[in-house]
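The structure appears right after this line, and notes come after that.
The values are calculated or read from the model by the stated rules, or taken from the named source; none is laboratory data. The structure displayed is predicted, hence computed values, not measured ones. Neighbour counts are summed over all protein chains in view; Cβ atoms, including those assigned to glycine, are modelled from backbone coordinates with ideal geometry. Protein only, heavy atoms only, side chains kept; ligands, DNA and RNA dropped before computing areas. Shrake-Rupley method; radii C 1.70, N 1.55, O 1.52, S 1.80 Å.
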Amino acid sequence: MVQLIVTPETALADEPICIRATGLNPFQVVTFTASLTDEKGKLFQSRAFYKANEAGNVALDQAAALGGDYVGVHPMGLFWSLKPVNPFRRLLKQDVMNSPFYIQLDIFDSLLLEDSPKIHPKASQMIERWFSGPGLQRIPVRNGRVRGAFFLPPGEGPFPGVIDLFGGIGGLIEFRASLLASHGFGVLALAYFAYEDLPRSLLEVDLEYFEEAANMLLHHPQIQRSGIGVISVCKGAEIGLAMAIHLEQVAATICINGTNAVHETPCKYRDLVISPIPHQKEYTQIHVSGALNFRRIKGDPRDEVNQQSVLPVEKARGHILFIVGEKDECLNSKAYAEQAMEQLKSHGRSNGTLLSYPGAGHLIEPPYSPLCFASWNPFLSRPFLWGGDIRSHAAAQEHSWREIQKFLRCHLAPSRSKL
Amino acid sequence: RELTLNLSLRIIQIRVTGLLPSQLIMLQASLTDERGELFQSQVFYKADENGEVDLEHAGALGGDYVGIHPMGLFWSMKPKKMLSRLLKRDVINSPFLVHLSVYDITKPFSSSPDSLMASETVERWYSTPGVQRIQLKEGRVRGALFLPPGDGPFPGVIDLFGGIGGLVEFRASLLASHGFATLALAYFAYDDLPKNLDVIDIEYFEEAADILLRHPKVLGPSIGIVSVSRGAQIGMAMATFLKQVAATVCINGVFLAEQVVIKYRNEKFFSFSQHLERLRINELGLLAFYSAVGNPQEEANKHGLLPVERAEGHILFIVGEKDYSVNSKIHAEQVMEQLRRHGKNNATLLSYPGAGHLIEPPYSPLCVASMNPFIPRPVLWGGETIPHAEAQEHSWKEILKPSYSEVLHFSPVSPG
């Protein structure tokens, strides 16, 4: 009798699980599939073809996939290679507290390219992937101008405080904040446009808004007083870097695939206004899939005419971790991070670290998140290209998530009383 | 912005005048195919100091291609509905109408309409005036014969497409426009031919070759073949077994009898060399087959190899190195190696980096993936837009090179 054994069946979405099948015929070719229906009813699937060993077993932590969505030994491959059945959809958990992603794992005793109502799996297992750990609290934030959601771990604390910023799609994205909080951080998922009564579109970045959020976080009774961290991606990372420079409340900043200058929207803080480097949309390229590649539309921060837009990263007091995907098709994140590191060095600063991942794309997320290569964007008529090679991107997500937590724990430790 | 009637192979000149110096514009080409599917390309240019954009000299800044590419608007068109393939069905009576437009760009790719400044329509024909199309239904043979205008006689060519089946005529009509009497030959999923391709019986193709050679306007004593994909596998087999074949062009084929038996008279070739468990799905869910067909050098596949050393005519292999459906390079190289081992040097290999599987006549848009009626998921053909376009232009010139028609004229008659 064919059995599909999965342990654990319920886990945090960033935790690996063990999958194996027994009771097969020796050396039989089988198909493993994973299926997930997201909160909008959209189906995501992955499949891989394996050959059972002489005992009729397949253990995904030892066996190599022969083909399908990935090849080689990848125990979590079925998760990070999930693809939308209708292309260009992005998998994004909305409700992070009350429900998990349900993923159905199936094993078929033949090579199956497509689902068929006539062909049934030999064994199935439903598993749960949660974006919040037990005891995690979610507190909606509507405090002064600040809008977002605050995730507090169980217990008394005090916990290191972190602000989580996403990018140019706006709104409020919570899944990374809730996962990070499940690892013992007090995390504020902060919206800054296209959410509730915040501006509809991002016309300027007002750092005083982010300072308000930072102070609010620092003054929470269960948050450490010594300084906060920032984890930020894309446009959020441009803001995160500006925060690191101008806000003394910020002790540790993680910039994922961001820029080292102000682009497109002016950035202001009190009396200071930094004018942006304008986008040059005529350099947009169209990928073979029809998706738009914006990588070349941002002007070069090294050009003489753009100097006033470059962020003075040497003024940042805390530590900065730059995380970069070398196959980022949204922007040339590696070049920007290298320029920032160079700028630190030339000012005799050593508070920056760069982690550069070959093959990783723009949307570097917590481990086992499927690679989103391109997706529909509410502001554009065509899909938007993010880039990335599936396997390298998955490896980058696993590695960087560990580094992110290490970095935050190290630089937000209460013993560090720099600020 | 000139020219109306045009064979789809001809280069047209596009020039925009009357702009402001350094003005940014978007050039767009649109085509609606015979099924009502829209294909479009969009490219951004900057006018020079005279307020002109001449595609002969101006480099595109962005859009569907970058750089100087006078015909880029044509070969970079993409279907609005993903996975559609541009394929002209009626090759005699109607052209493709391509609408060229110039827009002032304010917000490219946003939902607000840009301002249209000028437009022009160009016709792209697949046959020159006077090309005749004759439906062929003789014996077992099914297809369409395209005769050049005039009395002839003309060198004869059989044109074979691949695994989509049916009858694809546009390349045959273009070859006829260049002076070849070309038989677009169907072999499955057409008329009363078998619905599926289980056996490739070379005697069917021999029947077709003989019918072609018997036609009063066809110059004997031999014919040529232009073939792609599954058609190239057949073309290679025809070159191997049939003395009537003097020149064969094989584009991105597999020359091993895998999945399908190849037979000629009392000889059969087959090796079970398909490894579907090696199929790969790419980041957009497209199916890449190239690992699924076995390596022709493997011992296990020797019974599937054709005795290519028997081929007497010349063979031209055209290979796209970014072909994701077939590892065409290793298959072509294996045949070249087999010929060399038998002391023959009647083959040439043209290998194009960046070109995909569907290498077609010049200015055909790159079809990087499409649905195949026999396969449940979209198939990845591969190719990078600019190198693929260049490969199409270069290979077509090579296919038409006078040396090939010379071979057709002067090849000796062999009995049998």
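For the range B:61-76, how many residues are in a loop (DSSP other than H, G, I, E, B) and surrounded by fewer than 24 Cβ atoms within 10 Å (Cβ to Cβ)?
Here is the first cut: in the range B:61-76, the residues in a loop (DSSP other than H, G, I, E, B) are B:61, B:64-66, B:68-71, B:76.
So of that shortlist, the ones also surrounded by fewer than 24 Cβ atoms within 10 Å (Cβ to Cβ) come out as B:61, B:65-66, B:68-71.
Residues in the range B:61-76 being in a loop (DSSP other than H, G, I, E, B) and surrounded by fewer than 24 Cβ atoms within 10 Å (Cβ to Cβ): 7 in total.
Which one is farthest from A:R90 (Cα to Cα), of the residues in the range B:262-287 that are more than 8 Å from chain A (Cβ to nearest Cβ) and in contact with a Pro (Cβ under 9 Å, 6 or more places away or on another chain)?
Among those residues, the one meeting the criterion is B:E267.
Name the residue, out of A:A337, A:A394, that is within 14 Å of another protein chain (Cβ to nearest Cβ) and either more than 26 Å from B:K78 (Cα to Cα) or modelled with pLDDT under 95 (or both).
Working: A:A337 fails: within 14 Å of another protein chain (Cβ to nearest Cβ).
The unique qualifying residue is A:A394.
Can you tell me how many residues in the range A:44-60 are within 14 Å of chain B (Cβ to nearest Cβ) and in contact with a Pro (Cβ under 7 Å, 6 or more places away or on another chain)?
Taking the range A:44-60 as the starting set, the residues that turn out to be within 14 Å of chain B (Cβ to nearest Cβ) are A:44-52, A:58.
Right, trim to in contact with a Pro (Cβ under 7 Å, 6 or more places away or on another chain) and you get A:44, A:52.
Looking only at that region, the number is 2.
I'd like the full set of residues that are more than 14 Å from chain A (Cβ to nearest Cβ) and of a type outside the set (A, V, I, L, M), limited to the range B:288-309. Please lay out each step first, then the result.
The first filter runs over the range B:288-309 and keeps only residues more than 14 Å from chain A (Cβ to nearest Cβ), leaving B:295-309.
Once the filter is applied, which keeps residues that are more than 14 Å from chain A (Cβ to nearest Cβ) and of a type outside the set (A, V, I, L, M), the range B:288-309 yields B:N295, B:P296, B:Q297, B:E298, B:E299, B:N301, B:K302, B:H303, B:G304, B:P307, B:E309.
Looking at B:H314, B:H331 in this structure, which one is of a type outside the set (A, V, I, L, M), touching a helix residue (DSSP H, G or I) at 6+ places or on another chain (Cβ under 8 Å) and closer than 28 Å to B:K268 by Cβ?
On the way: B:H331 fails: touching a helix residue (DSSP H, G or I) at 6+ places or on another chain (Cβ under 8 Å).
Among B:H314, B:H331, only B:H314 is of a type outside the set (A, V, I, L, M), touching a helix residue (DSSP H, G or I) at 6+ places or on another chain (Cβ under 8 Å) and closer than 28 Å to B:K268 by Cβ.
On the given criteria, is A:I320 within 20 Å of A:R391 (Cβ to Cβ), out of contact with any Lys or Arg (no Cβ under 9 Å at 6 or more places or on another chain), open to solvent by less than 20 Å² (accessible area, probe 1.4 Å) and in contact (Cβ under 8 Å) with a residue 40 or more places away in the chain? Talk me through it step by step, then tell me what you get.
Numbers: within 20 Å of A:R391 (Cβ to Cβ): no; out of contact with any Lys or Arg (no Cβ under 9 Å at 6 or more places or on another chain): yes; open to solvent by less than 20 Å² (accessible area, probe 1.4 Å): yes; in contact (Cβ under 8 Å) with a residue 40 or more places away in the chain: yes.
Answer is no for this residue.
On the given criteria, is B:G51 at pLDDT 95 or above, surrounded by fewer than 21 Cβ atoms within 10 Å (Cβ to Cβ) and assigned to a loop (DSSP other than H, G, I, E, B)?
On the way: at pLDDT 95 or above: no; surrounded by fewer than 21 Cβ atoms within 10 Å (Cβ to Cβ): yes; assigned to a loop (DSSP other than H, G, I, E, B): yes.
So B:G51 fails the test.
In this structure, is B:Y324 part of a loop (DSSP other than H, G, I, E, B), of a type in the set (F, W, Y), open to solvent by 30 Å² or more (accessible area, probe 1.4 Å) and not assigned by the TED database to the domain that holds B:K78? Walk me through it before giving the result.
On the way: part of a loop (DSSP other than H, G, I, E, B): yes; of a type in the set (F, W, Y): yes; open to solvent by 30 Å² or more (accessible area, probe 1.4 Å): yes; not assigned by the TED database to the domain that holds B:K78: yes.
Judged against the criteria, B:Y324 is a match.
Go through the range A:285-314 residue by residue and tally those that are at pLDDT 95 or above, of a type in the set (S, T, N, Q) and closer than 30 Å to B:G382 by Cα.
Looking only at that region, the number is 2.
Exactly one condition in (1) touching a His at 6+ places or on another chain (Cβ under 8 Å); (2) open to solvent by 20 Å² or more (accessible area, probe 1.4 Å) is not met by A:G359; state its number.
Unmet condition: (2).
May I ask you to list the residues in the range A:323-354 that are open to solvent by 20 Å² or more (accessible area, probe 1.4 Å), under 22 Å from A:G388 (Cβ atoms) and among the acidic types (D, E)?
Those that are open to solvent by 20 Å² or more (accessible area, probe 1.4 Å), under 22 Å from A:G388 (Cβ atoms) and among the acidic types (D, E): A:E326, A:E329, A:E338.
Just to be sure, is B:Y103 more than 30 Å from the chain's Cα centre (by Cα), touching a residue at least 60 places away in the same chain (Cβ under 8 Å), buried (at least 19 other Cβ atoms within 10 Å of the Cβ) and not assigned by the TED database to the domain that holds B:L358?
Details: more than 30 Å from the chain's Cα centre (by Cα): yes; touching a residue at least 60 places away in the same chain (Cβ under 8 Å): yes; buried (at least 19 other Cβ atoms within 10 Å of the Cβ): yes; not assigned by the TED database to the domain that holds B:L358: yes.
So B:Y103 passes the test.
Of the numbered conditions (1) modelled with pLDDT of 95 or more; (2) over 15 Å from the mean Cα position of the chain (by Cα); (3) among the aliphatic types (A, V, I, L, M), B:L185 fails exactly one; give the number of that condition.
(2)
Restricting to the range A:61-106, give me the number of residues that are more than 10 Å from chain B (Cβ to nearest Cβ), touching an Asp or Glu at 6+ places or on another chain (Cβ under 7 Å) and in a loop (DSSP other than H, G, I, E, B).
Number of matching residues: 6.
May I ask you to verify whether A:K93 is open to solvent by less than 10 Å² (accessible area, probe 1.4 Å) and within 26 Å of A:P383 (Cβ to Cβ)? Talk me through it step by step, then tell me what you get.
Values: open to solvent by less than 10 Å² (accessible area, probe 1.4 Å): yes; within 26 Å of A:P383 (Cβ to Cβ): yes.
Answer is yes for this residue.
Restrict the check to the range A:129-152 and report whether at least one residue is under 27 Å from B:R280 (Cβ atoms), surrounded by 18 or more Cβ atoms within 10 Å (Cβ to Cβ) and out of contact with any helix residue (DSSP H, G or I) (no Cβ under 6 Å at 6 or more places or on another chain).
Yes, that holds for at least one residue.
Would you be able to tell me the number of residues in the range A:297-316 that are buried (at least 17 other Cβ atoms within 10 Å of the Cβ) and in contact (Cβ under 8 Å) with a residue 24 or more places away in the chain? So that I can check it myself, show each step before the final result.
Looking only at the range A:297-316, we keep the residues that are buried (at least 17 other Cβ atoms within 10 Å of the Cβ), and these are A:297-299, A:301, A:306, A:309-311, A:313, A:316.
Restricting the remaining residues to those that are in contact (Cβ under 8 Å) with a residue 24 or more places away in the chain gives A:298-299, A:301, A:306, A:309-311, A:313, A:316.
Number of matching residues: 9.
Among A:S116, A:S124, A:S110, which is the only one that is within 14 Å of chain B (Cβ to nearest Cβ) and touching a residue at least 40 places away in the same chain (Cβ under 8 Å)? Give the steps one after another, and end with the answer.
Details: A:S116 fails: touching a residue at least 40 places away in the same chain (Cβ under 8 Å); A:S124 fails: within 14 Å of chain B (Cβ to nearest Cβ).
Just a single option satisfies the conditions, and that option is A:S110.
In the same structural domain as B:V368 (by the TED database), open to solvent by 10 Å² or more (accessible area, probe 1.4 Å), over 19 Å from B:V379 (Cβ atoms) and touching a strand residue (DSSP E or B) at 6+ places or on another chain (Cβ under 7 Å): which single residue out of B:H314, B:H342 fits that description?
None of the other options fit; the residue is B:H314.
With the requirement that a residue be more than 11 Å from chain A (Cβ to nearest Cβ) and open to solvent by less than 20 Å² (accessible area, probe 1.4 Å), what does the range B:361-378 give you?
Of the residues in the range B:361-378, the ones more than 11 Å from chain A (Cβ to nearest Cβ) are B:361-364, B:370-374.
Across the range B:361-378, the qualifying residues are B:P361, B:P362, B:S364, B:S370, B:N372.
Restricting attention to the range A:277-292, which residues are of a type in the set (S, T, N, Q), at the interface with another protein chain (Cβ under 7 Å from one of its Cβ atoms) and either open to solvent by 50 Å² or more (accessible area, probe 1.4 Å) or outside any loop (DSSP other than H, G, I, E, B) (or both)?
Quick first cut of the range A:277-292, residues of a type in the set (S, T, N, Q) only: A:280, A:284-285, A:289.
From what's left, at the interface with another protein chain (Cβ under 7 Å from one of its Cβ atoms): A:284-285, A:289.
Passing the criteria: only A:Q285.
Could you check, for the range B:229-249, whether at least one of its residues is within 30 Å of B:G150 (Cα to Cα), touching a residue at least 24 places away in the same chain (Cβ under 8 Å) and open to solvent by 50 Å² or more (accessible area, probe 1.4 Å)?
Taking every residue of the range B:229-249 in turn, at least one turns out to be within 30 Å of B:G150 (Cα to Cα), touching a residue at least 24 places away in the same chain (Cβ under 8 Å) and open to solvent by 50 Å² or more (accessible area, probe 1.4 Å).
Determine whether the range B:78-100 contains at least one residue that is at the interface with chain A (Cβ under 10 Å from one of its Cβ atoms), assigned to a strand (DSSP E or B) and either touching a residue at least 24 places away in the same chain (Cβ under 8 Å) or within 29 Å of the chain's Cα centre (by Cα) (or both).
Checked the range B:78-100: at least one residue is at the interface with chain A (Cβ under 10 Å from one of its Cβ atoms), assigned to a strand (DSSP E or B) and either touching a residue at least 24 places away in the same chain (Cβ under 8 Å) or within 29 Å of the chain's Cα centre (by Cα) (or both).
Which number in (1) away from chain B (no Cβ under 14 Å); (2) out of contact with any His (no Cβ under 6 Å at 6 or more places or on another chain); (3) of a type in the set (D, E, K, R) marks the one condition that A:R296 misses?
Looking at each condition in turn, A:R296 falls short on (1).
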